[in-house]
Amino acid sequence: IKYLIEYFSKFEKVFDKISYGFLINVATVSNQFVNLMKAFMANIFERVEVYGTNSKLWIPRLLRKIPRDQLPLKYGGIASHKPVVVH
């Protein structure tokens, strides 16, 4: 628990720098961890959407927030999408 509290406090430091976020392809176990984090950091996770591994469910929801031409093909975008940076 001490580790988790220290870990969560790091997120609090970057709270002002996050405008909105998406967690995509989150496995079941990871989703449970994210739900635990939501309990401790509700102010940050009100600006984060968590999508599971079923792309048929999350691609339409993601496309309501982000234009198709701004996403790569594997996230429901277009094939001609050119990313700024690839990690």
Alpha carbon convex hull of the stretch 10-56, projected area averaged over orientations, nm²: 3.4 nm²
Whole-number accessible area per residue in Å² for the chain, which is evaluated in the context of all protein chains at 1.4 Å: 76 Å²
Hydrodynamic radius (Kirkwood) for the stretch 23-83, which is based on Cα pairs only, to one decimal in Å: 12.7 Å
Fraction of accessible area attributable to carbon and sulfur, the chain (%, probe 1.4 Å): 58 percent
Calculated [θ] (222 nm, deg cm²/dmol) that DSSP helices of n ≥ 4 give over the chain, each run adding -39,500 (n - 2.57): -13500 deg cm²/dmol
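The values are calculated or read from the model by the stated rules, or taken from the named source; none is laboratory data. Just so you know, these numbers come straight off a predicted model, no measurement behind them. These area figures cover heavy atoms from the full protein model, side chains too; ligands, DNA and RNA do not enter into them. Shrake-Rupley method; radii C 1.70, N 1.55, O 1.52, S 1.80 Å.
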